[in-house]
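A.B. asks: The structure that follows is given in the form of structure tokens.
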Amino acid sequence: MVTASRLKIGLSACFSHADPTRSFFSGKTLQYVEQSIAHWLMSSGAMVVMVPCPTGSTQRGDVTYRHYAEWLDGLVLHGGADVWPGSYGETPLQEQWSGDRVRDEYDKALVAAFEAVGKPMFGVCRGLQLLNVAYGGTLYQDINTQVPESFIHRDAAIYDLNFHSVDIVQGSHLSRLYPGVERVRVNSIHHQAIKELSPEFEAEAFSVTDGIVEAIRRKDRSKSYIAALQWHPEFHQPGSDTIDDGAVLEDFLSAVARAKSHNGS
């Protein structure tokens, strides 16, 4: 595939804020991507571009979120820090759940820019939570605190080797990507989750043990494509008994290609 015909997928940045105690880039804000999700997207032949925050005290020039949204073909919001409870009208129940307000504002600005130009979006883990909040939903600040007898969805000691079962809602778009499949095994690396689902979305999968929402999709198919997973598809290991998320990636990129063709870009 020649470079000119490849899809250009924007990937949201993770933030490591200025820290004078850090031994490298002391006092500087770092923006970066986690390698696995970039490689997952590139496995399809797409080109991946991290979208750096275009605002800040040292910014020069006139580059905006809208410029990136117009140039890129689609957007992926990936994992990382907690979402700031103030983003959905709450105060932190504990200080360690305060999240990253700066990154929230950056992510929401990205979502608004891609929404404005009708480009497809896909969210992973924090990305699912951020999309739900951006469209009016709320979150559990900590699942184990707020959902009695819930599964331990994040175990720092085993990280991406923490697994549980998920039921796919039959008749949903996700179920059509996996015909005949009702229950799958996924990784689980989060302690926050959807509490009130945004009216913009429908749930397509739920955690078997505690009913936590594990996949969402935009209801109105006449609008631009939005879908998201609570688990990390980029961490799937070939040959493992967890769900192969290739069908999910293909579905998103097919939507990106259709939108690109429709827009004539």
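The values are calculated or read from the model by the stated rules, or taken from the named source; none is laboratory data. Fair warning: this is a prediction, and the values are worked out from it, not measured in the lab. Glycine gets a Cβ as well: all are built from the backbone with ideal geometry, and neighbour counts include every protein chain shown.
A.B. asks: Return yes when Leu161 is crowded, with 18+ Cβ neighbours inside 10 Å, touching a residue at least 12 places away in the same chain (Cβ under 8 Å) and either under 28 Å from His236 (Cα atoms) or in contact with a helix residue (DSSP H, G or I) (Cβ under 6 Å, 6 or more places away or on another chain) (or both) and no when it is not.
C.D. replies: So Leu161 does not fit the description; no.
A.B. asks: For the stretch 148-161, does any single residue satisfy the condition of being in a loop (DSSP other than H, G, I, E, B), touching a strand residue (DSSP E or B) at 6+ places or on another chain (Cβ under 7 Å) and aromatic (Phe, Trp, Tyr)?
C.D. replies: Yes, the conditions are met somewhere in the stretch 148-161.
A.B. asks: When you go through (1) surrounded by 20 or more Cβ atoms within 10 Å (Cβ to Cβ); (2) under 28 Å from Pro148 (Cβ atoms); (3) touching a Leu at 6+ places or on another chain (Cβ under 7 Å) one by one for Ile212, which number turns out not to apply?
C.D. replies: Evaluating Ile212 over (1) surrounded by 20 or more Cβ atoms within 10 Å (Cβ to Cβ); (2) under 28 Å from Pro148 (Cβ atoms); (3) touching a Leu at 6+ places or on another chain (Cβ under 7 Å) leaves (3) as the failure.
A.B. asks: Next up: Take Ser198 and tell me if it is assigned to a loop (DSSP other than H, G, I, E, B) and either in contact with a Pro (Cβ under 8 Å, 6 or more places away or on another chain) or basic (Lys, Arg) (or both).
C.D. replies: Taking the combined requirement at face value, the residue does not satisfy it.
A.B. asks: Right, something else. Among the residues of the stretch 228-247, which ones are under 17 Å from the mean Cα position of the chain (by Cα) and either part of a loop (DSSP other than H, G, I, E, B) or surrounded by fewer than 20 Cβ atoms within 10 Å (Cβ to Cβ) (or both)?
C.D. replies: Within the stretch 228-247, Gln230, Trp231, His232, His236, Asp245, Gly246, Ala247 meet the criteria.
A.B. asks: If I ask for residues that are out of contact with any Asp or Glu (no Cβ under 7 Å at 6 or more places or on another chain) and touching a residue at least 40 places away in the same chain (Cβ under 8 Å), which ones from the stretch 230-244 would you list?
C.D. replies: Glu234, Asp241, Thr242, Ile243
A.B. asks: Take the residues of the stretch 172-184 that are surrounded by 15 or more Cβ atoms within 10 Å (Cβ to Cβ) and either modelled with pLDDT under 95 or out of contact with any helix residue (DSSP H, G or I) (no Cβ under 9 Å at 6 or more places or on another chain) (or both): which is nearest to Asp160 (Cα to Cα)?
C.D. replies: Filtering first and then ranking leaves Val184.
A.B. asks: Same structure, new question: Given the conditions (1) among the hydrophobic types (A, V, I, L, M, F, W, C); (2) crowded, with 23+ Cβ neighbours inside 10 Å; (3) over 25 Å from Trp40 (Cα atoms), which single one is not true for Ala116?
C.D. replies: The number of the failed condition is (2).
A.B. asks: What pairs come out if I take residues in the stretch 4-25 that are over 17 Å from His78 (Cα atoms) and pair them with residues that are among the polar types (S, T, N, Q) and at pLDDT 80 or above whose C-beta lies under 6 Å away, six or more apart or interchain?
C.D. replies: His17/Thr29; Ala18/Thr29; Pro20/Ser26
A.B. asks: Continuing with the same structure: Residues that are exposed (fewer than 13 other Cβ atoms within 10 Å of the Cβ): which strands (runs of 3 or more DSSP E) entirely in the stretch 1-49 hold 1 or more of them?
C.D. replies: 30-32
A.B. asks: Of the residues that sit in the stretch 110-137 and are under 15 Å from Gln230 (Cβ atoms) and β-branched (Val, Ile, Thr), which one is farthest from the chain's Cα centre (by Cα)?
C.D. replies: Val133
A.B. asks: To continue, here is another question. Checking the structure you have, find out if any residue of the stretch 76-86 is surrounded by fewer than 19 Cβ atoms within 10 Å (Cβ to Cβ), at pLDDT below 95 and assigned to a loop (DSSP other than H, G, I, E, B).
C.D. replies: yes
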